[in-house]
Amino acid sequence: MLGLTVAFFAVVVGVNMVMATLATRTFGGTVVENSYVASQRFNQWLDKARAQSALGWVVNANRRGDRVHLTLSGLDRAAVDALAIHPLGRLPAMRLHFERISLREYRSREPLPAGRWRLEIHLRRGSEAKDFVAELSA
């Protein structure tokens, strides 16, 4: 009976250790640093989103080879930059800079490694600005 009890708890503790190790190695981090502060800023974020939507700018992001391509609608010229974030945090975030290749098309100067990425795209034209989020995978 003692042997069965010890074996049972050894299995339980072993499985818990394996699961805890896997969880800490694959967790990508927090969504917000402080949920209370984020909740206090929520209405400000909604107001900013409404103002940005009123601009009528649209971005379509895709991959062509190892580069990110953006197609803009609603504006002809803009300063474009982006932050590529690996959703699981396994690879470090990358700052992407873009060069204009046609009137409304932009291509990243830096290559983006294969895999799944979340792009936080920031467009600026004069004093107007808009943020977009796009998901890419390859």
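Listed values, structure above:
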| quantity | calculated |
| --- | --- |
| Selection within region 34-66 - within 21 Å of F132 (Cα to Cα), in a loop (DSSP other than H, G, I, E, B) and under 21 Å from the mean Cα position of the chain (by Cα) | W57, D66 |
| Contacts under 6 angstrom Cβ, first residue in region 119-130 being within 11 Å of Q52 (Cβ to Cβ) and in contact (Cβ under 8 Å) with a residue 40 or more places away in the chain, partner among the small types (G, A, S) and buried (at least 16 other Cβ atoms within 10 Å of the Cβ), 6 or more apart | L123/A78 |
| Cβ pairs under 6 Å, 6+ apart, first in region 93-105 and in a strand (DSSP E or B), second of a type in the set (V, I, T) | F98/V80; E105/T71 |
| Where L72 falls short, out of the listed (1) open to solvent by 70 Å² or more (accessible area, probe 1.4 Å); (2) in a strand (DSSP E or B) | (1) |
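The values are calculated or read from the model by the stated rules, or taken from the named source; none is laboratory data. Not measured: the values here are computed from a predicted model. All Cβ positions, even for glycine, are placed from backbone atoms using ideal geometry, and neighbour counts span all protein chains on display. Accessible surface areas use protein heavy atoms only, side chains included; no ligands, DNA or RNA. Shrake-Rupley method; radii C 1.70, N 1.55, O 1.52, S 1.80 Å.
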